[in-house]
Amino acid sequence: MASNGTRILTGLVGLPVSKNPVTELVRYYARMLRKLQSIPKGSAYRVSTEKIIKERITKVEASKNPEDVESAIGAGVCEDLIEDARRELHLVETMKVYKSWGPLEEEPPLNQWKWPM
């Protein structure tokens, strides 16, 4: 930390400091929620991802600075959360291509999910 309260390092090699991480996170999370609308409502991926993002966006919007966000979410520095959000946006697009929520191409073997065998 610099003496004026602004972060000069993230502490993670190769991860630059964001000038306004709180605003950037809100923007990424809102974008992700919009993109998830194109995936069927019952999809396990959409349900779980929306739940996490809605929880996080609430915490981020209630925070006034990056340190508050980091302690509220408890998942590292804001810049790391921003990078995770970028990757998740890419994953949403990949999920739309593969349509993993659709029917299986062939029937699974009988008792595939039975445990123990």
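Overview of values
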item: The range 63-110: radius of gyration over Cα atoms, expressed as a fraction of 2.2 N^0.38 Å; result: 1.84
item: Radius, Kirkwood style, for the range 21-98 when every pair of distinct Cα atoms is counted (Å); result: 12.7 Å
item: Total lysine pairs under 21 Å (Cα atoms) in the range 21-98, excluding pairs fewer than 8 apart on one chain; result: 11
item: Debye, to nearest 20: dipole size of the chain, +1 on Lys, Arg Cβ, -1 on Asp, Glu Cβ; result: 400 debye
item: Among Gln112, Tyr45, Ala75 the positive-end extreme of the charge dipole of the chain (Cβ point charges); result: Tyr45
item: Mean residue ellipticity (222 nm) of the chain, computed from DSSP H runs ≥ 4 via -39,500 (n - 2.57), nearest 500; result: -18000 deg cm²/dmol
item: GNM top mover of Pro21, Pro66, Pro103 - the chain, alpha-carbon springs below 10 Å; result: Pro103
item: Environment charge of Gly76, counting only residues whose C-beta is closer than 9 Å and scoring Lys/Arg +1, Asp/Glu -1; result: -4
item: Under DSSP loop assignment and at most 16 Cβ neighbours within 10 Å, longest GluC sites (Glu not before Pro)-free interval of the chain; result: 1-104
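Every number in this text was worked out from the coordinates using simple rules, so none of it is lab data. Model, not experiment: these values are computed from the prediction. Positions of Cβ are generated from backbone atoms using ideal geometry, with glycine treated the same way; all protein chains shown enter the neighbour counts.
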